[in-house]
Amino acid sequence: MLVVNTKKALRELIKGYKSKGKTIGFVPTMGALHEGHISLIQAANQASDITISSIFVNPKQFNNSEDLQKYPRTAQADTDQLKEAGCDVLFMPSESEVYLDGETLQLSFGSLEHVMEGAFRPGHFSGVGLIVSKLFNLIQPDKAYFGLKDLQQCTVISKLVADLDFPVEIIKMPTVRAHDGLALSSRNARLNPSERTAATILYRSLIHAQSLLSKGVAVKEVIDHSKSMIAQEPLAQLDYFEVVDTKELKPLTNVQGQNEVAICIACFIGSVRLIDNLVFIP
Ligand code: PAF
């Protein structure tokens with residue numbers, strides 16, 4: 001596996017691949033890799049000639065300095081895992097390599113800014129959109145892979161690609177879960193043992209809400225019920241629990257007649273903020 005730290009070296013490499021007609025699958029990450037990321041690498045390996053991954057903890061998408069500072073950084077273990085998984089190139093730039101000094105472009109994703117992660121993390125999607133645009137421009141992938149655990153990020157990226165005409169196919173991959181249902185996330189590494197046990201409340205509350213909705217219980221009642229279930233977990237502090245459509249992620253008051261709905265949760269477990277969702281056909 002080649003490890004590249006500069007944009008110049010990356011551009012030269014990409015030029016070489018393109019001149020030979022090689023297809024590129026790209027997996028952007030912020031490191032602290034887990035099986036979810038590896039499933040994206042494996043999917044990329046199967047569909048393209050060259051798999052490229054990036055590791056960059058992007059300061060522009062953090063609206064909480066403690067979250068940025070405490071974000072797990074495990075570069076050596078990540079490099080080993082990527083090599084083992086068959087990744088061909090790892091782009092791991094420094095912050096000064098990615099961003100020049102000074103202000104950067106701000107992006108806004110319309111109504112997606114006012115719901116869930118957009119509402120609770122102002123500026124987050126602007127930062128995600130900026131870094132993903134830069135990486136797409138540098139790497140020029142044919143396909144790029146994103147995990148559906150970050151459902152709203154997937155929707156934002158699809159909008160970015162459509163509105164800016166990036167010639168890349170976005171592949172959205174299923175959430176990978178631990179044996180007890182907890183969605184794999186880099187932030188799980190920050191949970192202590194009792195928080196790790198408490199964190200199962202996210203998936204448990206989603207499953208419970210899905211079963212109530214499937215029985216025809218009204219959305220408001222389901223949300224109230226789920227919120228009181230979460231309130232019983234002393235280490236949990238809920239940001240939101242929503243039932244939304246999967247196109248615009250707008251809150252629903254009724255799931256009847258919807259093709260597909262998503263139940264979405266964001267919740268602090270101790271000081272660690274986790275998100276999860278379940279998509280289903282009502
Ligand atoms: O999902 C992530 O890890 C990040 O938001 C991404 C897409 C790598 C952009 O920094």
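The values are calculated or read from the model by the stated rules, or taken from the named source; none is laboratory data. Since the model is a prediction, treat every value here as computed from it, not as a measurement. Heads up, the Cβs are rebuilt from the backbone with ideal geometry, glycines too, and the neighbour counts pull from every protein chain shown. Calculation scope for accessible area: heavy atoms of the full protein, side chains included, ligands and nucleic acids excluded. Shrake-Rupley method; radii C 1.70, N 1.55, O 1.52, S 1.80 Å.
Between a residue in segment 268-282 that is in contact (Cβ under 8 Å) with a residue 24 or more places away in the chain and any residue that is open to solvent by less than 60 Å² (accessible area, probe 1.4 Å) and of a type in the set (Phe, Trp, Tyr), which pairs come within a Cβ distance under 7 Å, given they are 6 or more apart or on different chains?
276/203
Taking the condition under 25 Å from residue 190 (Cα atoms) and of a type in the set (Val, Ile, Thr), does residue 74 pass?
Taking the combined requirement at face value, the residue satisfies it.
Need a quick list: helices (runs of 4 or more DSSP H) entirely within segment 94-213 having at least 3 residues that are away from the ligand (no atom under 16 Å from the Cβ) and more than 16 Å from the chain's Cα centre (by Cα).
Hits in segment 94-213: 193-198.
Checking residue 254 against (1) in contact (Cβ under 8 Å) with a residue 12 or more places away in the chain; (2) under 21 Å from residue 36 (Cβ atoms), which test does it fail?
With (1) in contact (Cβ under 8 Å) with a residue 12 or more places away in the chain; (2) under 21 Å from residue 36 (Cβ atoms) applied to residue 254, the lone miss is (2).
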